Amino acid sequence: MERELACEIVKDLLPLYVDGIVSDVSQKSIENHLKHCMDCEEMYHNMVFHLETETPPTEVSDVKRFLKKTKKMCLLYGLGGLSFVAILVCLIVDLAVNKGITWSLIVGSSCLFADAFIYALSTCKKNKGCIAMTVISIGVFVLLFVIQITRYYLMETGTVWLFRYGLPILLLWLLVLWLPVLTRTFLKWNIWDCMALFMLLAVIGNYVTKLITGDYVWNDVLHMRGFIGNAIGGVIGIILFGILGRIEKWRK
Ligand SMILES: [Zn+2]
């Protein structure tokens, strides 16, 4: 004879029963109990009713939350990308027009460079980073041309610096940014090795930029004039990231 279950036990088991995760024996006992006990029956119906009315709103709100989040992310990345483009363009124009860059630009741009770069590296497996980099690269080209045309041809001030300084410097630094991203995407290097490669390219890029603007001649580079100021930070970075890269590989 089947023993009548106490209401307390049935009420405790009801959530599991509603979810359909009780054993066959328990299920039968609960069903029998519900046939005779109005109290538990009512509770059961309330539970099922809540489940039915609650599920759709949570799904809808999940979708809404998701949309809101993606919209916010797009806006955030868009703004980040735009400010990155703006700083990069200021940097190149400053270099081309004044043949040197101001300190605030150096600090601001290096922060943005690092942010954008780490973002691109961390997402480029999913190709999102590559898309972001492509948009940024094209944006910088367009903006540089617009500034040159507006200043020289429309405002009739300044000189034509676009081909002598602007484009070579831009192409150089785009290469510095793109190479690590491409090695990560296609050669599957770990993030630290890519950072080390970036640092190495940045050191080279720094010297080449100075050659383009005329701050340096080849002799200065060969005799490593101003090595401490130009490259020591980069060299330390290369060693540090290189070690981290080895540790990451060794751990796997
Ligand atoms: Zn009962």
Hey, can you rank 204-211, 87-94, 13-20 by average C-beta count inside 10 Å, highest first?
87-94, 204-211, 13-20
Mind ranking 131-142, 33-44, 212-223, 172-183 by how tightly packed they are, going by the mean number of other C-beta atoms within 10 angstrom, highest first?
172-183, 131-142, 33-44, 212-223
Looks like the stretch 189-252, by Cα gyration tensor root eigenvalues a ≥ b ≥ c and the a/c under 1.5 rounded cutoff (else prolate when a/b is bigger than b/c, oblate otherwise), is prolate
Sorted by Cβ neighbour density within 10 Å, fewest at the top, the residues Arg225, Arg184, Arg251
Arg251, Arg225, Arg184
If Met155, Met199, Met47 are placed from fewest to most neighbouring beta carbons inside 10 Å, the sequence is Met155, Met47, Met199
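Readers should treat all values here as calculations from the given coordinates under stated rules, not as data from a laboratory. Please read all numbers here as calculations on a predicted model, not as lab measurements. Don't worry about glycine lacking a Cβ; one is built from the backbone with ideal geometry, like all the others, and counts go over all protein chains shown.
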